[in-house]
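What follows draws every value from the coordinates through simple rules; no lab data is involved. What you see is a predicted model; the values in this text were computed from it and never measured. Heads up, the Cβs are rebuilt from the backbone with ideal geometry, glycines too, and the neighbour counts pull from every protein chain shown.
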Amino acid sequence: MLPAPILVLVAPQDIVNIGSAVRIAKNFGLAGVRLVTPEIFDPWRIEGIAHNTADLIERITLHDTLADAVADCVWTAALTARERAAKRTVYRPGAGATELVARAAGGPVAIVAGREDRGLTNEELDACSALVSIPTDPGYKSLNLAQAVAIICYESWLARGGERRPIKPPRNPATPAPMALLERLFTDWQRALWAIDFFKTRQPDHVMRAFRELLYRADLDAREASLVRAMGIEVVRFLQRQGIAIPVQAQNPGTDPIDDDLATGLEEPDSPG
């Protein structure tokens, strides 16, 4: 991937926000975290908030001034919600992240965020190359520090090519449903609808034509089609087990075997987030 920016937090007041920002930095592959005069710095507590980030926490550096924290950076982007009277270069998060990544070709770049209660001072904003403003409701502009950091870090991840990472495929991919299986599915569901007297006031041909179109649009795979077919068969079998008389059109459901391996196990167990 392209070079990642550094996250600089100026005078953060709440260790929970520091921990949250560290976790976000780890989520989106930032190059490091630098803290300028934090009110509290406790690596053990930070890792308790941001689990499995010990490697990043070990590389956190502490600084007395913003100037010292960004001394080696070739470009810096400051997060701010305030409108500025002076003419400044102001980006929205996506464009700002793109510029950060482009500038990283020349050396380290940094995202700079300020205090939870009042952000960055005018002098600190002046010390940054450009500003990034996240659009919010004018009636309630202020974002939590970690929220603002998350937005710009996510955008930087995308700008560096993160969106090109493939989505994990299903653990047990199924083949497309063959037409023979779909025809058995339609037949068994027509029997099921007869069994519950669904066609009492409806035209079977019209209903089944609409039902076919619905499932064709769903583009079922073989596992899904087997499961849906099993549902239709079970409707009739349940009524028979209960001793409920069913119309002749609904009798003898499911004469062809169902692939139990396909009809079960459709849901995969959740994996840890």
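Placing unit charges on C-beta atoms (Lys and Arg positive, Asp and Glu negative, everything else neutral), compute the dipole magnitude of the chain about its Cα centre in debye, rounded to 20.
In debye, rounded to 20, the chain gives about 700.
Nearest-5 percent of antiparallel DSSP beta bridges in the chain?
If we restrict to bridges inside the chain, about 10 percent are antiparallel.
Calculate the dipole size of the range 179-263 relative to its Cα centre from +1 charges on Lys and Arg beta carbons and -1 charges on Asp and Glu beta carbons; express the result in debye to the nearest 20. Mind showing how you got there, number by number?
Working: 11 positive and 13 negative charges, 89 e Å.
So the dipole magnitude of the range 179-263 works out to roughly 420 debye.
So what is the relative contact order of the range 6-164, in percent, for Cα pairs below 8 Å that sit 6 or more residues apart?
Once normalised by length, the contact order is 30 percent.
Divide by every residue of the chain the summed helix terms, -39500 (n - 2.57) for each DSSP H run of at least 4, and state the resulting mean residue ellipticity at 222 nm, rounded to the nearest 500 deg cm²/dmol.
Computed mean residue ellipticity for the chain: -12500 deg cm²/dmol.
For the range 6-164, what proportion of DSSP beta bridges, expressed in % and rounded to the nearest 5, is antiparallel?
Numbers: 1 of 22 bridges.
That works out to approximately 5 percent antiparallel.
Taking H placed 1.01 Å from N in the peptide plane, check which residues at least 5 places from Gly32 or on another chain put their amide H under 5 Å from its amide H.
Leu7
Could you line up Tyr216, Tyr140, Tyr154 from fewest to most neighbouring Cβ atoms inside 10 Å?
Fewest-to-most Cβ neighbours within 10 Å comes out as Tyr140, Tyr216, Tyr154.
If you average the sequence gap of Cα pairs under 8 Å that are 6 or more apart and divide by the length of the chain, what percent do you get for the contact order?
Once normalised by length, the contact order is 18 percent.
Would you mind pulling out the separation of the Cα centroids of the range 47-87 and the range 153-177, in Å?
If we compute the Cα centre of each part, the gap is 29 Å.
Compute the Cα gyration tensor for the range 141-220, then decide on rounded, prolate or oblate, letting a ≥ b ≥ c be the square roots of its eigenvalues: rounded whenever a/c is under 1.5, prolate when a/b is larger than b/c in the other cases, and oblate in all that remain.
prolate
Pop out the ³J(HN,Hα) list for the range 128-137 in order, Karplus 6.51 cos²θ - 1.76 cosθ + 1.60 with θ = phi - 60°, rounded to Hz; leave Gly and Pro as x.
9, 5, 7, 10, 10, 10, 8, x, 9, 4
Shape verdict for the range 6-164, please, from the Cα gyration tensor: rounded (a/c under 1.5), prolate (a/b greater than b/c) or oblate.
rounded
Mind checking the full-extension length gain between Arg237 and Glu163? Use 0.36 nm per residue of separation minus the Cα-Cα distance, one decimal, nm.
Additional length available on full extension: 21.8 nm.
Classify the chain from the C-alpha gyration tensor, please: rounded if a/c falls under 1.5, else prolate or oblate depending on whether a/b exceeds b/c.
In terms of gyration-tensor shape, prolate.
Show which lysines lie in cross-link reach of Lys141 when reach means a straight Cα distance below 22 angstrom and same-chain residues fewer than eight apart are skipped.
Lys87
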